[in-house]
Structures are given as structure tokens and as C-alpha cells.
Amino acid sequence: MIEEDLYSNLATIPITIDSFTWHSAEQFFQASKFTDEAIITKIKECSNPFLCAAIGQTREFKIRDDWEEIKVSVMERAIRARFDQHPELADILKRSKGTLYDHSAADDFWGIGANVTGKILMKIRDELQSTT
């Protein structure tokens, strides 16, 4: 795995949240958009983070009403789980320098632009660095 991959929410790095092991932050994030168990189950059964992202973009199922208000905190929870549950990755993050990005994010909100994913990564990095 190259370093940039560990910053990507599409990286296949398992995380356990709410007693379920998700294969990626992306899988957890996409499932969190919905309250309908049918689409959540479909995303849970999905084995590819890119496909999970595509399924999560469907509007066949209604997105939860509060999604715009909670989506950043949901993503932060997933990213935190990645580094909390994989100390070797936390160490790489802790030693990183400069501005971080999720280079796989193909939009101006999560990726280069507003760089919300990068801001979450740098916030966690700052916390890790302050605990030494």
C-alpha cells in the first residue's frame, strides 16, 4: 500500500463500527446515508468500495433527512476508526507532513477543493502528534 492509499476512504482497510466490520470507510459512509434496511444491507454485502460509492449515489432510496448536517461527523468517525484500529497506519499519519488529501475523492467537497477529508486527516494527525 502506498501512503496516499491510506488517506483514501476507498482504501480497503477494515474498520469495526457498531459491531459490524466494514471493509472501508467508504462502505460505512455510504451505508450511513440511509435508514432503509434494504439499501443498508445491499451496501453491507457489497465487496468493492467503488461499487459501494456507486450504490450510495442511487436515489432509488431516500437519503436520511439530516444527512447534510451529519455527513462530516460520519466521515470523521470512519476515518478515526481507521487510525484507532490500525496503529501502524496511525504512526504513518503521525509522521506525515504538509497538507493531506484524499486523492481518490473526485469532488470539490471531500477531495481537492474544500478538502474536507484532508482536514479531518490533519486534525487527527495533530491530535496524534500532541500525544507524544
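Across 5 Å bins from 0, what is the distribution of all Cα-Cα pair distances for the chain, in whole percents?
2, 11, 21, 24, 20, 13, 6, 3, 1, 0
Could you work out the relative contact order of the chain, using alpha carbon pairs under 8 angstrom and six or more residues apart, expressed as a whole percent?
Numbers: 159 pairs, mean separation 30.6, N = 132.
Taking the mean separation of contacting Cα pairs over the length of the chain, I get 23 percent.
With θ taken as phi - 60° and the coefficients 6.51, -1.76 and 1.60, list the Karplus ³J(HN,Hα) couplings across segment 68-85 in order, rounded to whole Hz; mark glycine and proline as x.
4, 7, 10, 4, 5, 5, 5, 5, 4, 4, 5, 5, 4, 4, 4, 7, 5, 8
Which loop trypsin sites (Lys or Arg not before Pro) in segment 26-63, with loop taken from DSSP, have no more than 14 other Cβ atoms within 10 angstrom of their Cβ? Present the calculation step by step, with values, prior to reporting the outcome.
On the way: sites: K33, K42, K44, R59, K62; in loops: K33, R59, K62.
For trypsin sites (Lys or Arg not before Pro) across segment 26-63 that sit outside H, G, I, E and B with at most 14 neighbouring Cβ atoms in 10 Å, the list reads R59, K62.
Give the total of Lys-Lys pairs in the chain with Cα-Cα distances below 30 Å; include a pair only if its members are 8 or more places apart or on different chains.
Here the count comes out as 24.
I need the phi-derived Karplus couplings for segment 26-40: 6.51 cos²θ - 1.76 cosθ + 1.60, θ = phi - 60°, integer Hz, Gly and Pro marked x.
Coupling constants for segment 26-40: 4, 4, 4, 4, 5, 5, 6, 5, 10, 10, 6, 4, 5, 6, 4 Hz.
Give me the one-decimal nm value for the distance between modelled label points at T12 and S47, 7 Å along each residue's Cα-to-Cβ direction.
Rounded to a tenth, the inter-label distance reads 0.8 nm.
Calculate the dipole size of segment 1-116 relative to its Cα centre from +1 charges on Lys and Arg beta carbons and -1 charges on Asp and Glu beta carbons; express the result in debye to the nearest 20. Can you show the working numbers first?
On the way: 13 positive and 20 negative charges, 23 e Å.
Dipole of segment 1-116, to the nearest 20 debye: 120 debye.
Give me the percent of the accessible area of the chain that comes from carbon and sulfur atoms, probe 1.4 Å, all protein chains in place. Numbers along the way, then the final one.
Details: 3740 of 7080 Å².
Ligands and nucleic acids excluded, carbon and sulfur reach 53 percent.
Which value, in Å², gives the accessible area per residue of the chain when a 1.4 Å probe is used on the protein heavy atoms?
54 Å²
Helix-only mean residue ellipticity at 222 nm, the chain, DSSP H runs n ≥ 4 weighted -39,500 (n - 2.57), per residue, nearest 500. What is it? Display every interim value, and only then the final one.
Details: 7 runs with 71 residues, N = 132.
Value at 222 nm, helices only: -16000 deg cm²/dmol.
The values are calculated or read from the model by the stated rules, or taken from the named source; none is laboratory data. Remember, it's a predicted structure, so these values are computed and weren't measured experimentally. All Cβ positions, glycine included, derive from the backbone under ideal geometry; neighbour counts span all protein chains shown. Ligands, DNA and RNA are excluded from the accessible area calculation, which covers all protein heavy atoms including side chains. Shrake-Rupley method; radii C 1.70, N 1.55, O 1.52, S 1.80 Å.
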